Amino acid sequence: MLPDIENLLKLQVTDKEIRRLQDEIAEFPKRVAVIEQKLAGTKAQLEKAQASVKADEAARRKYDTAINDLRGKISKYRDQSLDVKTNEQYKALLHEIQFAEKEISANEDKILELMVNADARDKEVKAAQLELKAETAEIEKEKEEARQRTAEDEKLLAGERAKREQMRAGVDADLLRHYERVSKFRGSGISEVREHKCMACQVMLRPQTYNEIRSGQQVVICDSCQRILYFNAADELVDQIPGANRPRRHHPKIDASQAWYYRAEYSDHGEVFLCLSNASGQASRRVYDYHTGRLLGDILIREGNFRDAFPEDITGATRLNGGWPEAELDSWGAELPMVILDSLRSDLDLARHEAASGTHAKSAHAVPTEHVAS
């Protein structure tokens, strides 16, 4: 293996760690916001209890004022009754006095009701205060842990960046520029070659290109994804051992509302990935180019379940793992994100290995290829 390739492999590991640390540091404000949001409910509960206490106090003052006003009226009416000349005037004043006394009694009942509720209100306030105090202490602890973790990440990030600068010095300048340009757009700039294909984009290589990479005498670029290619004889040896170190493949649910498929030949497009979805009694179909992830044509909508609506598309296709919300599919626009494309290719690679080794027969739930629509 060329020294430049070895240095790039080390550089890529460092770059991935730098991106991980950067992402983790960028998440700090979001983590703090989530932590602080925990207090919102408790604060609102305390504020509500305190507002209820204040409202009761205001209401009691209002009733006390009303009672004092009514007692003043009663006193005035009684003084007036001493000067009345007729029975009708006396009865009218007596009626006003009785009405005022009833109003006083009603207000006193309301004050008594507020006094009974006051104990419960006080308990609510004290309980909310204690809960807020305990939760604040716990949340401050969580925030401090998050700050410490972020400070550690920033320290590690500084170290990784320093290490990266040293590594960059050991790579040819032109090759380094190519690696960094491809990494910026695809997330990685170098890819292993195994089983005659680029493991990043899963495109098969010409025999001559494959041999050039195996020889390790020159730098070879993948024509499909533009990543720098390298060969690791130890990994190829592992691949030749049946079942060696391969992850066990998870099989998609047959009744899922969304399904992804691989077709080796599809219309005039060659290799494609198909995304079929059910929603509101309708089925949709998206077709993506296998190599580039670009959306081919328009999204097709038909009535019914996708198995009944698009039987010609899934017959003989290889079922893959994958399931993303419609809103996320729409956000991708006209091209699959590289991480999604890599995920589908990786699962296809596992499905092919499974089919070749016959391990799928051991699983009762395995449906690698759909032969008929059902």
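Applying the criterion of being among the charged types (D, E, K, R) and surrounded by 18 or more Cβ atoms within 10 Å (Cβ to Cβ) to the residues of the range 328-345, the residue that is nearest to Tyr262 (Cα to Cα) is Arg345.
The residues of the range 191-226 that are under 21 Å from Gly270 (Cβ atoms), basic (Lys, Arg) and touching a helix residue (DSSP H, G or I) at 6+ places or on another chain (Cβ under 9 Å) amount to a single one, Lys197.
Using the structure shown, decide if Ala200 is of a type in the set (A, V, I, L, M, F, W, C) and loosely packed, with under 12 Cβ neighbours inside 10 Å. No, not satisfied. Filtering the range 16-33 for residues that are within 30 Å of Lys133 (Cβ to Cβ) and among the basic types (Lys, Arg) leaves a non-empty set. Within the range 15-38, the set of residues being surrounded by fewer than 16 Cβ atoms within 10 Å (Cβ to Cβ) and of a type outside the set (Lys, Arg) comprises Gln22, Asp23, Ala26, Glu27, Pro29, Ala33, Val34, Glu36, Gln37.
Restricting Ile74, Ile67, Ile5 to residues that are in a helix (DSSP H, G or I), in contact with a Phe, Trp or Tyr (Cβ under 7 Å, 6 or more places away or on another chain) and either modelled with pLDDT of 90 or more or more than 30 Å from Thr150 (Cβ to Cβ) (or both) narrows the list to Ile5. The residue pairs whose first member lies in the range 20-32 and is assigned by TED's automatic domain parsing to the domain that holds Glu145, whose second member is modelled with pLDDT under 85 and surrounded by 16 or more Cβ atoms within 10 Å (Cβ to Cβ), and whose beta carbons are closer than 6 Å, counting only pairs six or more residues apart or on different chains, are Arg31/Ala146.
Scanning the range 287-318 for residues that are free of Cβ contacts under 8 Å to residues at least 24 places away in the same chain and touching a helix residue (DSSP H, G or I) at 6+ places or on another chain (Cβ under 8 Å) yields Arg302, Glu303.
Of the candidates Gln98, Gln89, Gln148, the single residue that is in a helix (DSSP H, G or I) and within 30 Å of Lys30 (Cα to Cα) is Gln148. Sub-7 Å Cβ pairs linking a first residue in the range 121-133 that is in the same structural domain as Gln50 (by TED's automatic domain parsing) and under 14 Å from Glu57 (Cβ atoms) to a second residue that is modelled with pLDDT of 80 or more and of a type in the set (D, E, K, R), at least 6 apart or interchain, are Arg121/Asp56, ordered by first then second residue.
The values are calculated or read from the model by the stated rules, or taken from the named source; none is laboratory data. Remember, it's a predicted structure, so these values are computed and weren't measured experimentally. Don't worry about glycine lacking a Cβ; one is built from the backbone with ideal geometry, like all the others, and counts go over all protein chains shown.
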